[in-house]
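Just so you know, all these numbers are worked out from the coordinates, no wet-lab data involved. Just so you know, these numbers come straight off a predicted model, no measurement behind them. Positions of Cβ are generated from backbone atoms using ideal geometry, with glycine treated the same way; all protein chains shown enter the neighbour counts.
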Amino acid sequence: MNALHTAWEKLIEEESRRQKGRTDQDLWRPRLHIAPPAGWLNDPNGLCQYKGIYHAFYQLAYFQPEGGLKFWGHCTSRDLLHWEFQGVPLCPDQPFDCHGAYSGSALIEEDQMYLFYTGNVKLLGEHDYVNTGRESNTVMAVSSDGMRVDTKELLMTNGDYPDDLTRHVRDPKVWKQDGRYYMVLGARTREDEGTVLLFSSEDKKRWNYVHRFRMEKPFGYMWECPDLYVLDGHTVLSISPQGVEQDGLRFANKYQSGTCFLSGDFRETKALGEFRELDGGFDFYAPQTFLADDGRRIQIGWMGMPDMEKVYRNWTVGRGWQNMLTIPRELSVRDGILCQNPVRELKEWWKEERRIKGTYSGPLEPCCELELTTEGGDVKVVLAGGLVLRYEKAEGIFWMEFTDPLLGGGRDIRGRQVGALQELRILVDVSGVEVFLNGGQDVFSTRFYPEKDQYHAAIEGDGIEGVLRYREG
Ligand code: FRU
């Protein structure tokens with residue numbers, strides 16, 4: 001333990017004492033979703049199941065609700081729904097990570113937890129921080145109890161990455177397969193092309209570059225937070241590209257997150273299939289997955305969007321915290337489409353339910369779920385009087401639109417071609433809404449900020465039936 005680490009621990013402890021109870025009392029605090037006890041949260045990191053317990057780490061600027069120096073926050077859960085904050089185990093306290101313990105992943109082996117992450121360093125001076133002035137270090141931290149970090153080891157620096165890259169190389173996702181370790185890293189080339197690098201290792205410490213994944217035509221200038229996994233027989237590459245131009249309804253957010261299928265062995269194939277966005281709403285970025293002990297591939301994303309501070313307001317900033325993660329989602333492939341659905345544990349969360357048949361208008365609990373089936377015609381669901389979820393059969397488009405600017409904090413409208421609509425599942429958790437269509441083939445996520453007495457739903461559409469689930473208090 002060095003003096004800098006000890007100083008951080010002390011400051012973190014003081015800050016948690018100062019904040020205690022403050023954010024918990026906040027009316028916009030989610031019940032099910034992971035949110036920071038104080039400060040700013042972004043990407044999920046180091047997701048894993050360790051000795052039976054689920055661990056979720058996340059990017060945390062503990063002292064700066066508007067974003068700033070990044071640490072890893074940590075929470076644990078037995079059911080992916082009740083999360084308990086466990087502190088801030090990864091701090092920027094070494095020369096190789098002094099300007100941020102950036103995103104990364106976890107690998108569990110022989111009861112040890114290995115955390116791979118990017119140590120961010122920004123040098124003083126006249127730099128563009130793209131081609132000069134930035135160090136992106138790949139670091140491995142080891143924990144023997146899943147709570148505290150015992151050691152940190154620098155594995156790779158910019159000199160170890162291919163020569164044609166800028167200084168932007170980050171977000172290691174590591175896994176073990178066929179007796180070897182593999183790592184994907186997101187990168188930006190000097191030609192401003194986003195790419196994912198594949199490395200392999202025999203011992204987790206010495207890494208060899210294998211090859212890179214790229215699109216046939218350049219697709220954005222930087223790919224962040226890569227993930228590679230096998231799902232129902234398909235090899236999936238998940239990426240968060242930056243710099244992709246809007247194309248009609250597609251790519252409407254500042255940055256994207258989506259998946260491509262890979263044909264053949266990922267160690268040999270470089271060509272990627274078509275990129276499909278994972279979410280059609282306003283707030284979804286940098287997802288990561290992990291394999292649960294029971295074989296489920298579970299994904300959690302950041303329910304937010306970088307660099308939107310001036311456009312989307314999150315009204316909790318003044319209350320000392322900002323952002324949350326998505327509900328953990330089970331992934332599957334159906335009819336060649338990657339589907340996301342809330343983890344099955346959610347069914348157990350609800351205590352009450354009310355049947356809905358036809359038009360409905362009534363109050364909502366701030367944490368609830370609507371599960372509806374339709375006859376395929378137009379559907380309109382208005383939440384809190386100002387968030388309109390609308391399906392237009394003629395065009396096959398599903399829209400998410402804020403008609404109340406305060407409620408959406410500046411978010412306006414997003415739409416997506418979804419074909420026919422049969423099922424609609426809406427999860428409301430106080431200040432977040434996730435909409436799952438047709439068994440999770442399409443998903444829309446957004447934050448929203450209703451006043452205390454504003455929780456309400458109005459539902460219209462032919463042959464709508466379903467159930468409203470909730471849990472009081
Ligand atoms: C994505 C990202 C990552 C980086 C982290 C820093 O949101 O930019 O690429 O590691 O956030 O907080």
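Does L32 satisfy being assigned to a loop (DSSP other than H, G, I, E, B), farther than 27 Å from D307 by Cα and in contact with a Leu (Cβ under 6 Å, 6 or more places away or on another chain)? Working first, answer last.
On the way: assigned to a loop (DSSP other than H, G, I, E, B): yes; farther than 27 Å from D307 by Cα: no; in contact with a Leu (Cβ under 6 Å, 6 or more places away or on another chain): yes.
No: the conditions fail for L32.
Inside the stretch 279-326, can you point out the residues that are under 9 Å from the mean Cα position of the chain (by Cα) and either of a type in the set (F, W, Y) or away from the ligand (no atom under 16 Å from the Cβ) (or both)?
F284, Y285, W302
Among all residue pairs at least 6 apart or on different chains, which show Cβ distances below 7 Å where the first residue, located in the stretch 304-320, is farther than 14 Å from S431 by Cβ and the second is more than 16 Å from the ligand (Cβ to nearest atom)?
V311/G410; G320/Q19; G320/R22; G320/T23; G320/A38
Within the stretch 258-278, restricting attention to residues that are closer than 20 Å to E216 by Cβ and crowded, with 18+ Cβ neighbours inside 10 Å, which residue is farthest from the chain's Cα centre (by Cα)?
The residue in question is F266.
Tell me, which residue of the stretch 148-182 that is under 23 Å from the mean Cα position of the chain (by Cα), of a type in the set (A, V, I, L, M, F, W, C) and within 16 Å of the ligand (Cβ to nearest atom) is farthest from T235 (Cα to Cα)?
If we take residues in the stretch 148-182 being under 23 Å from the mean Cα position of the chain (by Cα), of a type in the set (A, V, I, L, M, F, W, C) and within 16 Å of the ligand (Cβ to nearest atom), then V169 is farthest from T235 (Cα to Cα).
Give me the pairs, please: first residue somewhere in the stretch 155-171 and touching a residue at least 12 places away in the same chain (Cβ under 8 Å), second residue anywhere and away from the ligand (no atom under 15 Å from the Cβ) and small (G, A, S), beta-carbon distance under 8 Å, and either six or more positions apart or on two chains.
Sorted first by the residue in the stretch 155-171, then by its partner, the pairs are R167/G133.
Please find, within the stretch 107-147, the residue that is farthest from G52 (Cα to Cα) out of those that are more than 16 Å from the ligand (Cβ to nearest atom) and part of a strand (DSSP E or B).
Start the filter on the stretch 107-147 by keeping residues that are more than 16 Å from the ligand (Cβ to nearest atom), which leaves 107-114, 123-128, 131-133, 142-147.
From what is left, the residues that are part of a strand (DSSP E or B) are 107-109, 112-114, 142-143.
Details: L107: 14, I108: 11, E109: 13, Q112: 13, M113: 13, Y114: 16, V142: 18, S143: 16 Å.
Among those that are more than 16 Å from the ligand (Cβ to nearest atom) and part of a strand (DSSP E or B), it is V142.
Name the strands (runs of 3 or more DSSP E) wholly within the stretch 418-473 that hold at least 3 residues that are in contact (Cβ under 8 Å) with a residue 40 or more places away in the chain, in contact with a helix residue (DSSP H, G or I) (Cβ under 7 Å, 6 or more places away or on another chain) and more than 13 Å from E371 (Cβ to Cβ)?
Numbers: elements: 423-429, 432-437, 442-447, 456-461, 465-470.
Of the strands (runs of 3 or more DSSP E) lying wholly inside the stretch 418-473, none has at least 3 residues that are in contact (Cβ under 8 Å) with a residue 40 or more places away in the chain, in contact with a helix residue (DSSP H, G or I) (Cβ under 7 Å, 6 or more places away or on another chain) and more than 13 Å from E371 (Cβ to Cβ).
So how many residues does the stretch 1-45 have that are under 23 Å from A106 (Cα atoms), of a type in the set (D, E, K, R) and without any contact (Cβ under 8 Å) to a residue 24 or more places away in the chain?
The total comes to 0.
Just checking, does the stretch 249-257 include any residue being in a strand (DSSP E or B), over 26 Å from A292 (Cβ atoms) and more than 16 Å from the ligand (Cβ to nearest atom)? I'd like the intermediate steps shown before the answer.
Quick first cut of the stretch 249-257, residues in a strand (DSSP E or B) only: 250, 255.
Among the residues that remain, those that are also over 26 Å from A292 (Cβ atoms) are: 250, 255.
Cutting the leftovers down to more than 16 Å from the ligand (Cβ to nearest atom) gives us 250.
Among the residues of the stretch 249-257, at least one is in a strand (DSSP E or B), over 26 Å from A292 (Cβ atoms) and more than 16 Å from the ligand (Cβ to nearest atom), which makes the answer yes.
What number of residues in the stretch 212-237 are part of a strand (DSSP E or B) and either free of Cβ contacts under 8 Å to residues at least 40 places away in the same chain or away from the ligand (no atom under 13 Å from the Cβ) (or both)? Walk me through how you get there before you give the answer.
Kept after step one, since they are part of a strand (DSSP E or B), are these residues of the stretch 212-237: 212-214, 222-231, 234-237.
Pick out the ones that are also either free of Cβ contacts under 8 Å to residues at least 40 places away in the same chain or away from the ligand (no atom under 13 Å from the Cβ) (or both) and you get 212-214, 223, 228-231, 234-237.
Residues that pass the stated criteria total 12.
From the list L165, L124, exactly one residue is farther than 29 Å from Q86 by Cβ and surrounded by 15 or more Cβ atoms within 10 Å (Cβ to Cβ). Which is it?
On the way: L124 fails: surrounded by 15 or more Cβ atoms within 10 Å (Cβ to Cβ).
Exactly one residue qualifies, and that residue is L165.
Name the residue, out of H33, H82, H55, that is more than 16 Å from the ligand (Cβ to nearest atom) and farther than 19 Å from G146 by Cα.
Numbers: H82 fails: farther than 19 Å from G146 by Cα; H55 fails: farther than 19 Å from G146 by Cα.
Just a single option satisfies the conditions, and that option is H33.
Has the stretch 373-391 got any residue that is away from the ligand (no atom under 16 Å from the Cβ), under 29 Å from F261 (Cα atoms) and part of a helix (DSSP H, G or I)?
So in the stretch 373-391, the residues away from the ligand (no atom under 16 Å from the Cβ) come out as 373-391.
Of the ones still in play, those that are also under 29 Å from F261 (Cα atoms) are 391.
Narrowing the set further to residues that are part of a helix (DSSP H, G or I) leaves none.
No: zero hits.
Could you check, for the stretch 183-196, whether at least one of its residues is surrounded by fewer than 23 Cβ atoms within 10 Å (Cβ to Cβ), of a type outside the set (D, E), farther than 22 Å from M305 by Cβ and within 23 Å of the chain's Cα centre (by Cα)?
no
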